[in-house]
Amino acid sequence: MTPDEPIHVLFCSPDSHFADLIGRAMGAGFDVRVSNHLVPDAPRNEQGWWDVALVDSRHAENGASVDAVLGFMDEIKQVNPPPPIIVMMGEEDRVLTRKLIESGAYDTLTSPPDVAELRLVIRRAYKFHESERELFLWRARERLRGGLFEMVSTSESMQAVFSLAQKVAPCDASVLITGETGTGKGLLARAMHRLSHRARGPFVAFSCANLPETLVEDELFGHEKGAFTGAIAPRFGRFEAADQGTLFLDEVGDLPLSLQAKFLRVLQDRTFERLGSNASQTANVRLICATHRDLQQMVKEGRFREDLYYRLNVVLIHLPALREQRDGIPLLAYHFLSRFAEQYGKTTKRISSLAMHALEEYPWPGNIRELENVVQRAVVLADDSTIEVWDLPSSLCNGFEQRRAVLSFEEEVRDFKRRLLVRTLRECSGNKAETARVLGLARGHLHRLINQLQIGPETAASEPGLAEEALTGAPPN
């Protein structure tokens, strides 16, 4: 869907008059098509057109009607990937709600719905569907052509990384991968190896982090028998082990300065000596290095050789932090959810909207590795098919669970609206006209909400990562 294209909603309701009213009330940004009957053929006839399904179950007052709704939902889920299903209920029924959610409904709403709330729920459901669809298409492409394997993202910055990596992978040029800890540098190096002509050769990884010089030298170049106390037999180093393949050196910025000269000679001549030997050894390896340090600054400070830096930095690939690509969090979370649910034999297949909101708001200092661990823990702890906010670590929830326990329905809706509005303001860099467009609100309504929800400059102190300019009353850009 392009920015100007509406969200396509299939509204399945036996009450055509009611459906038409809701469709007109949705307004700009939504293209609502009405199906008057819950019949099995309806989803197939509309397949490929709609993004979100809205099902009217207000008349499901008996077991047979409920079964019809559930059967209709099963038909909708035959689309691959299945779109999110929002069920509209006549009145609040916890038993029926649980049954619908367990059967695959994205969310439920009581009827008649608050139109603003309905818009918000549909937009959020659409974002989930886009993430699942991207993951489905990505898996299909990777099965057909091979590719970056476990690397998953829809952000523009990561797509640029994937494109560059695929261009560089077939060549033997040295690659330097930079990025914070946990951004997937090792995963990218392994993917590039699999895409290279060396894919049948070995992929050997070694981390230089916080190791003494003698141990690093021994690990890289090996030793001869008797080279030092305890050297009772010859030993190949990582360079020899990686012959005809790829050597991945992680945290190369920690390589001892005194060892950098020998390392540079190996890169230039492809020859080296084992510890305790004067005989030259050769190894045909493709070198990929990674670091979370600023090597340019280290060169200026004299802690890293300039000639070695330029030898390593033939092609530079920078991996952005997870907080810089928040739009990719749902896709990554569902990717890890699918993997761990299969690994542990769990039926978990969904992340509640509140839990996903907590994932999206967290700053992720540990990046993708931390997200992977959090989802793994949540899959283990989840009691049913849905990961709830209480399945997440307390440090991640940021008060979500406590608010859920003590707030009334009205307070919880107000809290949800406030967080959504604050987050959208932040994403739109404080541009209120753009915020109103994204949320499908009139400018006047947006200003009233800002006043009603008491969103002011002081909010920056309590809303992580929120720019103050996004909360001021200054005119939009």
Cβ-Cβ cut-off under 9 Å around L439, Lys and Arg +1, Asp and Glu -1: the net charge is +3
Cβ crowding within 10 Å averaged over residues, with 173-185, 227-239 ranked highest first = 173-185, 227-239
Arrange the peptides 377-383, 22-28 so that the one whose residues have, on average, the most other Cβ atoms within 10 Å appears first.
-> 377-383, 22-28
Checking rank on 429-435, 206-212, 242-248, 85-91, with mean other Cβ inside 10 Å and highest first, the result is 242-248, 85-91, 429-435, 206-212
Within the P(r) computed for segment 289-365, what percentage of the Cα pairs occupies the region above 19 Å?
-> 57 percent
Cross-link table K167/K346; K346/K417; K167/K225; K99/K127; K127/K346, entries beyond 31 Å C-alpha to C-alpha | K167/K346; K346/K417; K167/K225
3J(HN,Hα) from dihedral phi, segment 172-189, Karplus parametrisation 6.51/-1.76/1.60, rounded to Hz, x for glycine, proline | 9, 5, 5, 10, 10, 9, 10, x, 5, 4, x, 8, x, 5, x, 5, 5, 4
Scan around S207 for amide H atoms under 5 Å from its own, H built in the peptide plane at 1.01 Å from N, and keep only partners 5 or more places away or cross-chain.
-> D250
Rounded to whole Å and sorted largest first, what semi-axes of the equivalent ellipsoid does the C-alpha gyration tensor of segment 323-402 yield via the square root of 5 times each eigenvalue?
-> 18, 15, 10
Between Q159 and H197, what is the FRET efficiency for a Förster distance of 30 Å, r being their Cβ-Cβ separation, to the nearest 0.05?
-> 0.80
How far is it, in nm, from the label point at Q452 to the one at L316 when both lie 7 Å from their Cα along the line to the Cβ?
-> 5.0 nm
How far apart, in nm, are the 7 Å Cα→Cβ label points at T271 and E117?
-> 7.8 nm
So what is log10(I(q)/I(0)) for segment 158-320 at q = 0.14, 0.15 1/Å, when the Debye sum runs over its Cα atoms only?
-> -0.70, -0.80
Starting from the amide H of L109, placed 1.01 Å from N in the peptide plane, find each other amide H under 5 Å away whose residue is 5 or more places distant or on another chain.
-> V87, M88, M89
Non-local residues with an amide H under 5 Å from the amide H of S35, with H modelled 1.01 Å from N and Pro and chain starts lacking one, are F11, C12, S13
HN-Hα J couplings of segment 156-167 from phi, Karplus 6.51/-1.76/1.60, θ = phi - 60°, integer Hz, Gly and Pro as x?
-> 4, 5, 6, 5, 5, 5, 4, 4, 5, 4, 5, 6
According to a simple spin-label model (label point 7 Å from Cα along Cα-to-Cβ), what is the distance in nm between A28 and F236?
-> 6.7 nm
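Readers should treat all values here as calculations from the given coordinates under stated rules, not as data from a laboratory. This is a predicted model, so every value here is computed, not measured. Glycine gets a Cβ as well: all are built from the backbone with ideal geometry, and neighbour counts include every protein chain shown.
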